[in-house]
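As C-alpha cells, the structure follows; a few thoughts come after it.
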Amino acid sequence: MPRARHQVSTRGSRLRGLSRAARSTTISGSADASPLGGTLLGAGGLVRAYGDAVRAGLEVTGTLRRTLVREHLLDLDHTDAGRIESELRSRGIAVLDTAYGAQVTLRLGVPPDQEARLATVLAELTAGTAETTVAGERWVDSLDA
C-alpha cells in the first residue's frame with residue numbers, strides 16, 4: 001500500500017508556544033486509511049464509534065465502586081483465625097488485612113450502616129466472645145458485578 005507523507009503545520013493556531021520540532025512534524029501513514037478500517041466518518045460518526053468502543057470496554061472490565069467503610073480490628077487466637085476469616089469473607093464482610101503476632105489481627109471494613117450485622121455475625125461465629133476495636137475509616141474499591 002502506498003505511504004503518504006504529510007507536513008503538519010500549526011502556524012496560526014493556539015500552539016504557537018511549542019518548540020519548532022513540535023510545530024512541524026512528519027507523519028507517515030496509509031493514504032486512505034482511518035483508525036476505523038478505512039471507513040470515512042463525519043464528526044458525529046466518529047463520536048458514536050468511539051463511544052461504542054468505550055461502552056464495550058466498560059462492559060468487559062466492569063465499573064469500580066468506591067465505598068466508605070469503618071475499619072474494625074479483631075484479635076483472634078491462631079487456632080480460630082482461619083475459620084473465622086473464611087466465614088467472614090463468605091458472608092460478604094471485607095477482610096482488608098491480616099497481621100500475625102502473638103494473636104492474629106484481622107482488619108475488617110464494614111459500611112457504617114452494617115456494623116450491627118458485623119456484631120451479630122461475630123457473636124454467632126465466636127459464641128459472643130469476640131469484640132472489635134474501631135480503628136478509623138477509609139475508602140475501599142471493589143468491582144461491580
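The values are calculated or read from the model by the stated rules, or taken from the named source; none is laboratory data. These numbers come from a predicted model, not from an experiment. Virtual Cβ from ideal backbone geometry, glycine too; neighbours counted across all protein chains shown.
Structural remarks
- Filtered by the rule that a residue be part of a strand (DSSP E or B) and acidic (D, E), segment 123-145 gives E137, D141.
- From R66, R55, R89, residue being part of a strand (DSSP E or B) and of a type in the set (K, R): R66
- Some residue of segment 58-74 being among the small types (G, A, S) and more than 30 Å from V104 (Cβ to Cβ): yes
The rows are residues; the columns are (1) modelled with pLDDT of 50 or more; (2) small (G, A, S); (3) in contact with a Cys (Cβ under 7 Å, 6 or more places away or on another chain).
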{"site": "P2", "(1), (2), (3)": "no, no, no"}
{"site": "R16", "(1), (2), (3)": "no, no, no"}
{"site": "P35", "(1), (2), (3)": "yes, no, no"}
{"site": "L40", "(1), (2), (3)": "yes, no, no"}
{"site": "Y50", "(1), (2), (3)": "yes, no, no"}
{"site": "E59", "(1), (2), (3)": "yes, no, no"}
{"site": "L73", "(1), (2), (3)": "yes, no, no"}
{"site": "G82", "(1), (2), (3)": "yes, yes, no"}
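- E124 vs. criteria under 13 Å from R70 (Cα atoms) and loosely packed, with under 14 Cβ neighbours inside 10 Å: no
- Test: T105 is polar (S, T, N, Q) and closer than 15 Å to D75 by Cα: yes
- Annotation note: of T98, T120, the sole residue that is among the polar types (S, T, N, Q), in a helix (DSSP H, G or I) and free of Cβ contacts under 8 Å to residues at least 40 places away in the same chain is T120.
- In segment 58-92, the residues that are surrounded by 11 or more Cβ atoms within 10 Å (Cβ to Cβ), within 22 Å of R138 (Cβ to Cβ) and of a type in the set (S, T, Y): T67
- Among the candidates V104, V110, V95, the residue that is assigned by TED's automatic domain parsing to the domain that holds W139, more than 15 Å from V140 (Cβ to Cβ) and in contact with a helix residue (DSSP H, G or I) (Cβ under 7 Å, 6 or more places away or on another chain) is uniquely V104.
- The residues listed here are L46, L96; of these, the one that is more than 27 Å from the chain's Cα centre (by Cα) and surrounded by 13 or more Cβ atoms within 10 Å (Cβ to Cβ) is L46.
- Verdict on L68 being touching a Phe, Trp or Tyr at 6+ places or on another chain (Cβ under 7 Å) and either modelled with pLDDT under 95 or of a type in the set (V, I, T) (or both): yes
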